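To start, the structure under review is shown below, and the notes come after it.
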Amino acid sequence: MFLKGKTALITGSTSGIGAAYASALAAEGANVMINGFGDSAAIAAQCANLAAASGARAVYHGADLTVTEEVTAMADACASEFGGVDILINNAGIQHVCPVDEFPVDKWDSIIALNLSAA
């Protein structure tokens, strides 16, 4: 358990690569705070599975990363829950694919806000 007693905060970790990060870090003993979109029951199951598989603690925070106050609240919640953040993985990201002349401005703004500004 290489990371026993450490805490990881991983954005975009309710699926895909972020979920794999959470699983790998928990397997090494790190407590994890996951964040992302998804079904609340599936997220609760993910936290339970992470904890059961590793013995580490796993909690979810639903911060919208495009809202600065929510990001601050998530970091504060992680510190409150685990005593701090040792590992931060800014993994969250979204995409939209279409021809450039049809690309909606609101999609562009969302992508920039989450993929660039949030990190």
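The values are calculated or read from the model by the stated rules, or taken from the named source; none is laboratory data. The shown structure was predicted, so the numbers you read here are calculated from the model rather than taken from an experiment. With ideal geometry, Cβ positions are generated from the backbone for all residues, glycine too; neighbour counts draw on all protein chains shown. Heavy atoms of the whole protein, side chains included, go into the accessibility calculation; ligands, DNA and RNA do not. Shrake-Rupley method; radii C 1.70, N 1.55, O 1.52, S 1.80 Å.
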* **Of residues in the stretch 66-85 being free of Cβ contacts under 8 Å to residues at least 24 places away in the same chain and farther than 19 Å from PHE37 by Cβ, the one least open to solvent (accessible area, probe 1.4 Å)** => ALA79
* Structure fact -> Scanning the stretch 11-26 for residues that are assigned to a helix (DSSP H, G or I), of a type outside the set (Val, Ile, Thr) and touching a residue at least 60 places away in the same chain (Cβ under 8 Å) gives GLY18, TYR21, LEU25
* Determine which single condition VAL105 fails, assuming it passes every other condition in (1) out of contact with any Phe, Trp or Tyr (no Cβ under 8 Å at 6 or more places or on another chain); (2) of a type outside the set (S, T, N, Q); (3) open to solvent by less than 90 Å² (accessible area, probe 1.4 Å); (4) at pLDDT 95 or above. => (3)
* Asked: Within the stretch 13-28, can you find the residues that are open to solvent by 10 Å² or more (accessible area, probe 1.4 Å), farther than 11 Å from HIS61 by Cα and either within 14 Å of the chain's Cα centre (by Cα) or among the small types (Gly, Ala, Ser) (or both)?
  -> SER15, GLY16, ILE17, ALA19, ALA20, TYR21, SER23, ALA24, LEU25, ALA27
* Which numbered condition trips up LEU88, out of (1) closer than 25 Å to MET1 by Cβ; (2) open to solvent by less than 70 Å² (accessible area, probe 1.4 Å); (3) in contact (Cβ under 8 Å) with a residue 12 or more places away in the chain? -> (2)
* On the given criteria, is ALA63 modelled with pLDDT of 95 or more, open to solvent by less than 60 Å² (accessible area, probe 1.4 Å) and assigned to a helix (DSSP H, G or I)? -> no
* To do: Hey, could you check the stretch 46-60 for residues that are closer than 28 Å to ASN115 by Cβ and part of a helix (DSSP H, G or I) and say which is farthest from the chain's Cα centre (by Cα)?
  => ASN49
* For residues in the stretch 1-12 being at negative phi and surrounded by 19 or more Cβ atoms within 10 Å (Cβ to Cβ), which is nearest to the chain's Cα centre (by Cα)? -> THR11
* To do: Considering only the stretch 29-45, state which residues are of a type outside the set (Phe, Trp, Tyr), in a loop (DSSP other than H, G, I, E, B) and either open to solvent by 60 Å² or more (accessible area, probe 1.4 Å) or within 24 Å of SER110 (Cα to Cα) (or both).
  => ASN35, GLY36, GLY38, ASP39
* To do: Please find, within the stretch 91-102, the residue that is nearest to the chain's Cα centre (by Cα) out of those that are surrounded by fewer than 15 Cβ atoms within 10 Å (Cβ to Cβ) and closer than 16 Å to THR11 by Cβ.
  => ILE94
